[in-house]
1. Do you know the relative contact order of the stretch 112-257, to the nearest whole percent, from alpha carbon pairs under 8 angstrom that are 6+ apart?
2. Which whole-number percentage describes the relative contact order of the stretch 80-147, with Cα contacts under 8 Å and a sequence gap of 6 or more?
3. Tell me, in nm to one decimal, what length is gained between residue 243 and residue 103 on full extension, where the rule is 0.36 nm per residue of separation less the Cα-Cα distance?
4. Quick one: length gained pulling residue 140 to residue 181 fully straight, 0.36 nm per residue minus the C-alpha distance?
5. Provide the percentage of antiparallel DSSP beta bridges, counting only those with both residues in the stretch 114-245; round to the nearest 5.
6. To the nearest 0.05, what FRET efficiency results for residue 265 and residue 92 with a Förster distance of 45 Å applied to their C-beta separation?
Amino acid sequence: MGRLMGKADKGSAPRTSRTPKKRPRVKPLWRTPKLIAAGILAVVMVTGFGGWWIWNEGFIQRSLERAKWTTIGITAKAGFTVSEILVEGRHRTSPEALRKALRLERGAPILAFDPHAARIRVEALPWVRRAVVERQLPDVVHLKIVERRPLALWQRDGVFSLVDTDGAVIPIGALEAFKNLIVIVGGDAPRHAGALMDVLAQSPELTGHVKAAVRISGRRWDLHLLDGVVVRLPEEDPGGAWRRLADLQRDRGLLSGSLSGIDLRYPDRVVIRPAPRRPGIKPTSQQKET
């Protein structure tokens, strides 16, 4: 049997050694950038679709809702139920209106109570300007309210509305209890009524004489006194003019005379308009025209 691999014959050409060629580096198919990106995208799409399907079917919401109410039930059995509602700052708002707005009964699970939603409902009540609602665990709900302060009656197109110190209308129907408030007239009168009241407060001995205030051209006020006298305040420095009138009343008893108007719009003088005489009555030595 011949050998497949024997010694070389003497006459044969010598074998030359060959340097083996370096094999090219083969990149794995799944590591190419494009395929990696495609794989990531596929995973995201699959997981995203799965998450969207679970959420769309409401599985997570239902699970969270069940867990929430299970926790509320456990805490309620442990004593976390409403036993007391503390109210601070209530004067005009009725207790019945507050209870209805809170939607809360004694013994209700306190963790099921939503303070934020309750605050919105309480602040929608006519007299409530601002409210703070807090849960004080384990069993107390604390409600603090700031009520609106009535300032004046706003007459508009023959209809009266009650306005507060911010110039906002208080939406109530019965106004009989507020008939002694000053009546204001003018489209922008509520917005400027607070500043007017600050002016009148500088001479409180005169404030009781004022029955109504009419806004003139959106710039200044005419004050109508109880005895029919009209006091015209200036646009600039109405407080100074009002104090000047208070000085005249204190020193000379100006308002005790028979007048129809007092014009305070001029900084250097006061214009007084006498009341018209009744027909058939002539001035005497005690009644002279001025």
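All of the numbers you see were taken from the coordinates with simple rules; none came from a lab. Only a predicted model underlies this, so the values are computations on that prediction, with no experimental measurement involved. When we count neighbours, we look across all protein chains shown, and the Cβ atoms used for this are built from the backbone with ideal geometry, even at glycine.
1. 13 percent
2. So the answer I get is 46 percent.
3. Details: separation 140, 0.36 × 140 = 50.40 nm, distance 5.14 nm.
Separation in residues times 0.36 nm, less the Cα-Cα distance, equals 45.3 nm.
4. Working: separation 41, 0.36 × 41 = 14.76 nm, distance 3.92 nm.
Gain on extension, residue 140 to residue 181, equals 10.8 nm.
5. Within the stretch 114-245, antiparallel bridges account for around 80 percent of the total.
6. The computed FRET efficiency comes out at 0.70.
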